[in-house]
Amino acid sequence: MLTLGAGTLFAASASTARGTDLRDGSRTKLTELITAEQRRNAQELGAYQRLRRTVDGISRQAGRGDGRVKQAQSRADSLAGASGFASLTGAGLRITLDDAPRGRRYAGTPAADDLVVHQQDVQAVVNALWSGGAIGLQIMDQRLISTSAVRCVGNTLILQGVVYSPPFRITAVGDPVRLRTALDAAPDITNYKEYVAEYGLGYDVKTLGQVTLPPYTGNVTMNYATVPPGADTNP
């Protein structure tokens, strides 16, 4: 259901992003649709979290009488922080990306796409932070895990079924010096800074002496491909 809700929001927002000329009534219906899907997504997420807590409790009870289960749970607990399933505290950075201010005058006539933060800009920051040794990452109020995907439609960010508007805040736990070095060395971020200088897009990097990232709370169901019975697997 979480994936379905995100897909609906993506499709609805994409219609607007392609420049469709919506009448006021259509725009109102679109807003109502997005609000309804976000509400349903929040309800489904709450139900999922309650069920997951129940399953975790049952699993830990089962582990009390089985040494192998208890050992596996201990190993999972030790990896939870780094994998995103437990809160993580430490020094780090917070990077804020924002659209150009409205009403600003320019020497020429910039294209609309030059004045907004794009998916590749957010992804560039995330990639640079990981390469700089980040232990954990958070975008807005959500923790990232290995399967998290950054998706932007127009100037909105869709992350795990939730829609966000700029400014976009990316928070990392790790060595602040290494993280800053990685940001400065990333070619895509260097390119973004040119738009910052030319059009006034927002780019702010703040060192945090201590910050706590929340645990990931979304769905962790994995989807993978299988070979149908009898299929020819030879190249």
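The values are calculated or read from the model by the stated rules, or taken from the named source; none is laboratory data. Given the structure is predicted, the values throughout are model-derived calculations rather than measurements. Cβ atoms come from the backbone with ideal geometry, glycine included; neighbour counts cover every protein chain shown. Keep in mind that these areas ignore ligands, DNA and RNA; they rest on the heavy atoms of the full protein, side chains included. Shrake-Rupley method; radii C 1.70, N 1.55, O 1.52, S 1.80 Å.
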Which residue pairs have Cβ atoms under 9 Å apart, sit 6 or more places apart or on different chains, and have a first residue in segment 138-150 that is on the phi > 0 side of the Ramachandran plot and of a type in the set (A, V, I, L, M, F, W, C) and a second that is at pLDDT below 85 and outside any loop (DSSP other than H, G, I, E, B)? Met140/Val162
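Does segment 161-196 hold any residues that are hydroxyl-bearing (Ser, Thr, Tyr) and in a loop (DSSP other than H, G, I, E, B), and which are they?
Matches in segment 161-196: Ser165 only.
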Restricting segment 118-130 to residues that are hydrophobic (A, V, I, L, M, F, W, C) and over 12 Å from the mean Cα position of the chain (by Cα), which is surrounded by the most Cβ atoms within 10 Å (Cβ to Cβ)? Leu129
What is the number of the single condition among (1) at pLDDT below 90; (2) crowded, with 18+ Cβ neighbours inside 10 Å; (3) part of a loop (DSSP other than H, G, I, E, B) that Ile158 does not meet? (3)
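Quick grid of which residues meet (1) outside any helix (DSSP H, G or I); (2) within 26 Å of Ser83 (Cβ to Cβ):
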position	(1), (2)
Arg94	yes, yes
Gly103	yes, no
Gly108	yes, no
Asp113	no, no
Val117	yes, no
Trp130	no, yes
Gly133	yes, yes
Leu137	yes, yes
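Answer with yes or no whether Gln43 is modelled with pLDDT under 95, open to solvent by 60 Å² or more (accessible area, probe 1.4 Å), more than 26 Å from Val162 (Cβ to Cβ) and out of contact with any Cys (no Cβ under 9 Å at 6 or more places or on another chain). Show your work before the answer.
Numbers: modelled with pLDDT under 95: yes; open to solvent by 60 Å² or more (accessible area, probe 1.4 Å): yes; more than 26 Å from Val162 (Cβ to Cβ): no; out of contact with any Cys (no Cβ under 9 Å at 6 or more places or on another chain): yes.
In short, no.
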I'd like to verify a number: residues in segment 131-141 that are open to solvent by 30 Å² or more (accessible area, probe 1.4 Å) and either in contact with a strand residue (DSSP E or B) (Cβ under 7 Å, 6 or more places away or on another chain) or of a type in the set (D, E, K, R) (or both), how many? 2
For segment 102-117, state whether one or more residues are crowded, with 16+ Cβ neighbours inside 10 Å and touching a strand residue (DSSP E or B) at 6+ places or on another chain (Cβ under 7 Å). yes
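Would you confirm whether any residue within segment 166-186 is over 16 Å from the mean Cα position of the chain (by Cα) and without any contact (Cβ under 8 Å) to a residue 24 or more places away in the chain?
Initial filter on segment 166-186 (over 16 Å from the mean Cα position of the chain (by Cα)): 174-186.
Still in the list and also without any contact (Cβ under 8 Å) to a residue 24 or more places away in the chain: 177, 184.
So far as segment 166-186 goes, yes, one or more of its residues are over 16 Å from the mean Cα position of the chain (by Cα) and without any contact (Cβ under 8 Å) to a residue 24 or more places away in the chain.
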Single residue of Ser83, Ser78 found to be over 17 Å from the mean Cα position of the chain (by Cα), among the polar types (S, T, N, Q) and modelled with pLDDT under 90: Ser78
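If you check Leu97 against the conditions, is it on the phi < 0 side of the Ramachandran plot and open to solvent by less than 20 Å² (accessible area, probe 1.4 Å)?
Numbers: on the phi < 0 side of the Ramachandran plot: yes; open to solvent by less than 20 Å² (accessible area, probe 1.4 Å): yes.
Criteria met by Leu97.
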If I filter segment 12-28 for residues that are open to solvent by less than 80 Å² (accessible area, probe 1.4 Å) and modelled with pLDDT of 70 or more, do I get at least one hit? no
